[in-house]
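> Mind having a look at this structure? Questions to follow.
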Amino acid sequence: MKILILGGYGVFGGRLAELLSDLPQIEFLICGRDLTRARAFCARYRGKARVRPFVLDRADIAEALRAQKPDLVIDASGPFQKYGAHRYHVIASCIDSGVDYLDFADAADFVFGVSKFDRQAKSAGVFVLSGVSSFPVLTAAVLREMAKTMDIEVVEGGIAPSPYAGIGLNVMRAVVDYAGAQVKLRRHGEPSHGIGLGESMRFTVAVPGRLPLRNIHFSLVDVPDLQVIPLEHPTMTDIWMGAGPVPEILHRILNLLARLRSTLGLPSFEPFSRLFYAVLNRMRFGEHRGGMFVRAKGVADARSVERTWHLLAEGDDGPYIPSMAIEAIVRKLLTGERPPSGARPAVRALDLADYDTLFRGRKIYTGFREPDPQAPLYRKILGSAFATLPQRLQDLHGTSATRQWTGFAEIRRGRGLMAAFVAALIGFPKTASNVPVTVTFSPENGAERWVRDFGGKRFSSVQSVGADRDEHLLIERFGPAKFAVALVVEDDRLLLVPRRWTLFGIAMPDILLPSGVSFETERDGHFCFDVDISMPIIGRIVAYRGTLCSSNQPTG
């Protein structure tokens, strides 16, 4: 199969070629206006697929199709918002030449308008799919899955790339161009508009049982989902889609510029896109992780429901997700599975099961959540991952009733005056071995109080479900200190990972965040705990480990 990729040495085209590098039956024409860059890409390419550099301006596509006779054209260039009066020239040329076509278009109007070529594409026996990327293919697949059990009315979604993922210049040009401009969407059941990058919300991407992303600031973006997805769901009244690039300070600057442009009627900031491109691709710090979410509100069984889908991508796997939809289609083509002829947005190109296959073997994790106000504390936070915990952990955390567990523990206190001061402030016990332990759990104003008795030395904390920036985290209060802790399921252990903390209501810097590996597990039919609390400079405050068994039946 010969595949011509416009923008083949760019971010999305290059990653697609990498994803398909294991296929010797493919020959890629790596096209663009810069032959030097095309040759450089081909020189460093590694894989069984063949690659060939080819200089090509999109205005000359018709001649290239006649000369090269590709089986498939993939447009990975852009920005599609800037294609002007002849923006569908490549599509029209592909139909005239009888060549199938796919693109990565992220421009809502461009993707929405491609259906006008449907009759010609069907007559030519070719398929033309536009917007074959995370927005809207993955979003649409998630919503179709949700729609099996609910009538969807309101949709919000967003994508948060890793700060190390890198962003292409053409993507940056598109984003900066619509910052402050009107963005078509649907509100209150009517066609409406928002302000690109001028409207924002916060959300925490939290796949059940995985370490959540930090709470992220998302802003409205002009993506195909806003126009093409409502057509798929007759009950949908509202839709909003955002992006959450980091660092947040640069994101906030874009928000400010967007509001200034909207308020003062300023021209597009697109001439400054190279500046933003250079800054964003140099300000790389923080966690090398990215994510995506889709939240739907609607009706199921005559009651209001809310469901969310979360995606978490670790390290270098996340940046490949936008290219995976076209990867899947190409692989299906090679097995004889071909999309129906016609021209349309790619909302039905793949199902969620197709993405499950694509994500397998990579550090990409997904999961659904549905709020359950009646669930016990840990089940609320862990969602579906709660059922994967060892049985004794489920027994201890699986009720909101008052209960008491007993056992034995070993305690090790840190050395030094500061460690002793902090331990005494909270009430941690002193170093000892084989200490009798009693832990009493009791409901308290929607939270749960844990009273620990280590051989007569008592200290307590109050645990609750986090909200706002601490959403999907466990909040534990020890006197004046409040810790936001992630519950992470890893094999047969439940890890407790500190994410944020405050002292006397004042947010503490991350550099002072307590460390140490703390977890719960099960051994020989017993609930086991292993807690290690350390702080920068001070070192270990306290470490205690032991076992517990239920000493009474739940009450209340």
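The values are calculated or read from the model by the stated rules, or taken from the named source; none is laboratory data. The shown structure was predicted, so the numbers you read here are calculated from the model rather than taken from an experiment. Counting neighbours? That spans all protein chains shown, and the Cβs are built from the backbone with ideal geometry, glycine included. Heavy atoms of the whole protein, side chains included, go into the accessibility calculation; ligands, DNA and RNA do not. Shrake-Rupley method; radii C 1.70, N 1.55, O 1.52, S 1.80 Å.
> Out of all the residues in the stretch 101-113, which are in contact (Cβ under 8 Å) with a residue 40 or more places away in the chain and open to solvent by 10 Å² or more (accessible area, probe 1.4 Å)?
Matches in the stretch 101-113: Phe104, Asp106, Asp109, Phe112.
> Quick check on my filter: what residues within the stretch 148-180 are of a type in the set (A, V, I, L, M), in contact with a helix residue (DSSP H, G or I) (Cβ under 9 Å, 6 or more places away or on another chain) and either assigned to a loop (DSSP other than H, G, I, E, B) or surrounded by fewer than 17 Cβ atoms within 10 Å (Cβ to Cβ) (or both)?
Selection gives Ala165, Ile167, Ala179.
> Within the stretch 193-205, can one find any residue that is surrounded by fewer than 17 Cβ atoms within 10 Å (Cβ to Cβ), without any contact (Cβ under 8 Å) to a residue 24 or more places away in the chain, in contact with a strand residue (DSSP E or B) (Cβ under 6 Å, 6 or more places away or on another chain) and of a type outside the set (Lys, Arg)?
Taking every residue of the stretch 193-205 in turn, at least one turns out to be surrounded by fewer than 17 Cβ atoms within 10 Å (Cβ to Cβ), without any contact (Cβ under 8 Å) to a residue 24 or more places away in the chain, in contact with a strand residue (DSSP E or B) (Cβ under 6 Å, 6 or more places away or on another chain) and of a type outside the set (Lys, Arg).
> Would you check if there is a residue in the stretch 261-282 being of a type outside the set (A, V, I, L, M), modelled with pLDDT of 95 or more, over 20 Å from Ile159 (Cα atoms) and surrounded by 14 or more Cβ atoms within 10 Å (Cβ to Cβ)?
yes
> Next question. For the structure I just gave you, tell me whether Ile541 is β-branched (Val, Ile, Thr) and either outside any strand (DSSP E or B) or open to solvent by 50 Å² or more (accessible area, probe 1.4 Å) (or both). Even if it seems obvious, please write down each step before you answer.
Values: β-branched (Val, Ile, Thr): yes; either outside any strand (DSSP E or B) or open to solvent by 50 Å² or more (accessible area, probe 1.4 Å) (or both): no.
So Ile541 does not fit the description; no.
> Any residue at all in the stretch 114-136 that is open to solvent by 40 Å² or more (accessible area, probe 1.4 Å), more than 20 Å from Ala346 (Cβ to Cβ) and of a type in the set (Lys, Arg)?
Among the residues of the stretch 114-136, not one is open to solvent by 40 Å² or more (accessible area, probe 1.4 Å), more than 20 Å from Ala346 (Cβ to Cβ) and of a type in the set (Lys, Arg), which makes the answer no.
> Output the number of residues of the stretch 16-28 satisfying the condition of being within 20 Å of Gly166 (Cα to Cα) and either among the polar types (S, T, N, Q) or open to solvent by less than 40 Å² (accessible area, probe 1.4 Å) (or both).
3
> Could you list, ordered by first residue, the pairs with Cβ atoms under 7 Å in which the first is in the stretch 146-169 and over 19 Å from Gly242 (Cβ atoms) and the second is open to solvent by 40 Å² or more (accessible area, probe 1.4 Å) and of a type in the set (S, T, N, Q), at least 6 apart or interchain?
Listed by first residue and then by second, the contacts come to Asp151/Thr235.
> Here is a further query. Among the residues of the stretch 450-482, write down those that are under 30 Å from the mean Cα position of the chain (by Cα), on the phi > 0 side of the Ramachandran plot and surrounded by 15 or more Cβ atoms within 10 Å (Cβ to Cβ).
His472
> In addition: Are any residues in the stretch 296-337 surrounded by fewer than 19 Cβ atoms within 10 Å (Cβ to Cβ) and over 26 Å from Tyr9 (Cα atoms), and if so, which ones?
Those that are surrounded by fewer than 19 Cβ atoms within 10 Å (Cβ to Cβ) and over 26 Å from Tyr9 (Cα atoms): Lys297, Val299, Ala300, Asp301, Ala302, Arg303, Ser304, Val305, Glu306, Thr335, Gly336, Glu337.
> Taking helices (runs of 4 or more DSSP H) that fall entirely within the stretch 225-338, which contain at least 2 residues that are farther than 29 Å from Lys363 by Cα and of a type in the set (Val, Ile, Thr)?
Numbers: elements: 225-228, 248-264, 273-280, 321-334.
In the stretch 225-338, the matching helices (runs of 4 or more DSSP H) lie at 248-264.
> Turning to a different aspect of this structure: Of all residues in the stretch 39-69, which are among the basic types (Lys, Arg) and on the phi < 0 side of the Ramachandran plot?
In the first step, residues of the stretch 39-69 are kept if they are among the basic types (Lys, Arg); the result is 39, 44, 46, 48, 50, 52, 58, 66, 69.
Passing the criteria: Arg39, Arg44, Arg46, Lys48, Arg50, Arg52, Arg58, Arg66.
> Among the aliphatic types (A, V, I, L, M), part of a loop (DSSP other than H, G, I, E, B) and surrounded by fewer than 19 Cβ atoms within 10 Å (Cβ to Cβ): does that describe Ala353?
Numbers: among the aliphatic types (A, V, I, L, M): yes; part of a loop (DSSP other than H, G, I, E, B): no; surrounded by fewer than 19 Cβ atoms within 10 Å (Cβ to Cβ): yes.
So Ala353 fails the test.
> Still on this model: Within the stretch 348-356, is even one residue under 17 Å from Asp103 (Cβ atoms) and either under 17 Å from the mean Cα position of the chain (by Cα) or not hydrophobic (A, V, I, L, M, F, W, C) (or both)? Let's see the steps before the verdict.
Within the stretch 348-356, the subset under 17 Å from Asp103 (Cβ atoms) is 348-350.
Checking the rest, the ones that are also either under 17 Å from the mean Cα position of the chain (by Cα) or not hydrophobic (A, V, I, L, M, F, W, C) (or both) come to 348.
Among the residues of the stretch 348-356, at least one is under 17 Å from Asp103 (Cβ atoms) and either under 17 Å from the mean Cα position of the chain (by Cα) or not hydrophobic (A, V, I, L, M, F, W, C) (or both), which makes the answer yes.
> If a residue must be farther than 23 Å from Ile533 by Cβ and either in a loop (DSSP other than H, G, I, E, B) or at pLDDT below 95 (or both), how many such residues does the stretch 391-413 contain?
4
> Cys31 versus (1) crowded, with 21+ Cβ neighbours inside 10 Å; (2) in contact with a Lys or Arg (Cβ under 6 Å, 6 or more places away or on another chain); (3) modelled with pLDDT of 95 or more: which is the lone unmet condition?
(2)
> Kindly establish whether Pro340 is open to solvent by 60 Å² or more (accessible area, probe 1.4 Å) and closer than 30 Å to Ser123 by Cβ.
Taking the combined requirement at face value, the residue satisfies it.
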